[in-house]
Amino acid sequence: MNYKNIVEFKVWGKYALFTDPLTKLGGEKYSYPVPTYEALKGILSSVYWKPTIVWYIDKVRVMSPIRTQTRGVKPIKYQKGNNESSNDLAIYTYLTDVEYQVQAHFDWNYNRPDLEKDRNDHKHYWIARRMIERGGRRDVFLGTRECQGYVAPCKFGEGQGFYDNYGEMAFGLMFHGFDYPDEHKDGELWARFWRAKMIDGVIVFPRPDDEKAIVRKFLRPMKASPPQTVGLTEKGLLEGYQEGA
């Protein structure tokens, strides 16, 4: 990697629901007070992603005060008995009026040697910059699909944040992200956790390979099944092509 390939952007929305995916299988849901590493990685992947690269979230700055709002919802019940009602009422606790500044960078996905010829960091960096300026390639969601988010460029640290001089705030053991088999070890799915803390409104995330800060839990076997690619070796792909013509 020749360059640092750092991108900065802000993301905001009316509602957010950042939950531990290991405990949100049905029932009532309660959001973490701050976004998880995996949620921010998902937001950035919605803006721009290729299997050639892996996004790493460096840090997030919480700009708005942490506020919650509870709402009653009726999630779809896919399995029910003869005497059961169609849907049960559940209470979800959302974050409201959220805004964050995010700094991230990308590195190559070394589990995809078939895409080695696509490792052009100049190309991927500028595509990512353009996609941030245009609000992303796909819809952005803040934790769940009912929470629409929006993305725009910014300079990390600019402007006044609500927690700029707040000091340290600890959140205890918090979900960090997943180790998917296409980016980590093929055949295994792991969950990562860490002891999150915010200092003056900024949370600095450990890298997924930081063995001192990350606690891992093996979930289940999972086989990576990426689409087969042949890259620039595809027969006839460059037939008749002349560089600079």
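The values are calculated or read from the model by the stated rules, or taken from the named source; none is laboratory data. Here the structure is a predicted model, which is why all the values come from computation and not from measurement. FYI the Cβ positions are ideal-geometry reconstructions off the backbone, even for glycines, and counts take in every protein chain you see. Calculation scope for accessible area: heavy atoms of the full protein, side chains included, ligands and nucleic acids excluded. Shrake-Rupley method; radii C 1.70, N 1.55, O 1.52, S 1.80 Å.
Being open to solvent by 100 Å² or more (accessible area, probe 1.4 Å) and more than 21 Å from Met63 (Cβ to Cβ) is the filter; apply it to the range 133-145 and report the residue that is farthest from the chain's Cα centre (by Cα).
Selected residue: Arg134.
Provide a single number: the residues in the range 199-211 that are open to solvent by less than 60 Å² (accessible area, probe 1.4 Å), in contact (Cβ under 8 Å) with a residue 40 or more places away in the chain and under 18 Å from the mean Cα position of the chain (by Cα).
4
Which ones in the range 14-29 are open to solvent by 10 Å² or more (accessible area, probe 1.4 Å) and in contact with a Phe, Trp or Tyr (Cβ under 8 Å, 6 or more places away or on another chain)?
Matches in the range 14-29: Tyr15, Thr19, Asp20, Pro21, Leu22, Glu28, Lys29.
Here are some residues: Arg61, Arg130, Arg71. Which one is under 16 Å from Phe18 (Cα atoms) and open to solvent by 70 Å² or more (accessible area, probe 1.4 Å)?
Unique residue meeting the criteria: Arg71.
Which of the residues belonging to the range 152-195 are open to solvent by less than 30 Å² (accessible area, probe 1.4 Å) and out of contact with any Lys or Arg (no Cβ under 9 Å at 6 or more places or on another chain)?
Result: Gly167, Trp194.
Matching residues to (1) farther than 17 Å from Phe18 by Cβ; (2) at pLDDT below 95; (3) open to solvent by less than 20 Å² (accessible area, probe 1.4 Å):
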{"position": "Ile91", "(1), (2), (3)": "no, yes, no"}
{"position": "Tyr94", "(1), (2), (3)": "no, no, yes"}
{"position": "Val98", "(1), (2), (3)": "no, no, yes"}
{"position": "Asn109", "(1), (2), (3)": "yes, yes, yes"}
{"position": "Asp114", "(1), (2), (3)": "yes, yes, no"}
{"position": "Lys123", "(1), (2), (3)": "yes, yes, no"}
